[in-house]
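Let me begin by presenting the structure, written as structure tokens, before commenting on it.
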């Protein structure tokens, strides 16, 4: 029902453009057609047909461009991109890029940043990181430091998921150090240092286990010196210390026990568990040797 109504509205919009009306300007025709296309887009969304909705918004943006109404043009492109994304259509990326350029031109940096993040979500690896980096720069230009740091955190998570643990550790550590300098964010530094240490554990291999655990111990001590809240009373501290002891003694059972004890109280996410299991694999490899 809604989709049939949307089709009729699209037809009506197209007819508005070609209908003979000697006393109606081309701009007026375009504005009336745009109104019909927008109504059609709403109906397509109600019917769950996001691909057709995106096409309707694109036609609306064509009309806005024809009448030189930049604000409407940007709005229509935004909506078209969102609908393409919901339809899992790659055309959303090109439209989001166009929207970013327009917001950049108008110095609306936070809005540009928001769509840089959307673009990053459509990508993987270095391309995704590059767009996230662009987003955090836009947020910093707008003095939105907290939001910028949230984006940088996404960058660290991307590095970790792709196996670039050294870069991920570097980003987590940088964020933790910055948090210590901010009274409002200081309490979150411990968790960031914790994730940095998990990245360090993930870099240990069976062939470098001695050097790896020494470097882990050094960083662990450095982070404790920097952050007084990273004390032996915290569960993060207890886990890292227990894992260091297990690695030094090449005791897989002790490593497992420490991991399970922590996870039963403070559930680890998939990324954290993957990094810790890499440490266990390094122990197993060393044991085989």
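The values are calculated or read from the model by the stated rules, or taken from the named source; none is laboratory data. It should be emphasised that the depicted structure is a prediction, and the values quoted were computed from it without experimental measurement. In this analysis, Cβ positions are derived from the backbone assuming ideal geometry, glycine residues included, and neighbour counts consider all displayed protein chains.
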Margin query: Suppose the filter is more than 20 Å from residue 135 (Cα to Cα), outside the structural domain of residue 127 (by TED's automatic domain parsing) and modelled with pLDDT of 95 or more; does residue 198 pass it?
Written below: yes
Notebook entry, point to check: Within region 48-55, can one find any residue that is under 19 Å from residue 2 (Cβ atoms) and not in a helix (DSSP H, G or I)?
Noted result: yes
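Pick from 132, 158: which is in a helix (DSSP H, G or I), modelled with pLDDT under 95 and outside the structural domain of residue 279 (by TED's automatic domain parsing)?
Values: 132 fails: modelled with pLDDT under 95.
Result of the check over 132, 158: 158.
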Next item on the list: Specify which of the listed residues (183, 143, 98) is in a loop (DSSP other than H, G, I, E, B), outside the structural domain of residue 230 (by TED's automatic domain parsing) and over 14 Å from the mean Cα position of the chain (by Cα).
Entry: 143
Item checked: Only one of 244, 209 that is surrounded by 14 or more Cβ atoms within 10 Å (Cβ to Cβ) and farther than 22 Å from residue 172 by Cα -> 209
Next item on the list: Give region 215-232 a look and list any residue that's assigned to a helix (DSSP H, G or I) and surrounded by 13 or more Cβ atoms within 10 Å (Cβ to Cβ), or say none.
Entry: 215, 216, 217, 219, 220, 223, 224, 226
Check: How many residues does region 114-129 hold that are part of a helix (DSSP H, G or I) and within 11 Å of the chain's Cα centre (by Cα)?
Finding: 10
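Quick test for you: out of 191, 271, pick the one residue that is surrounded by 15 or more Cβ atoms within 10 Å (Cβ to Cβ), touching a residue at least 60 places away in the same chain (Cβ under 8 Å) and either out of contact with any strand residue (DSSP E or B) (no Cβ under 8 Å at 6 or more places or on another chain) or part of a helix (DSSP H, G or I) (or both). Full working, then the answer.
Values: 191 fails: touching a residue at least 60 places away in the same chain (Cβ under 8 Å).
Of 191, 271, the one residue that is surrounded by 15 or more Cβ atoms within 10 Å (Cβ to Cβ), touching a residue at least 60 places away in the same chain (Cβ under 8 Å) and either out of contact with any strand residue (DSSP E or B) (no Cβ under 8 Å at 6 or more places or on another chain) or part of a helix (DSSP H, G or I) (or both) is 271.
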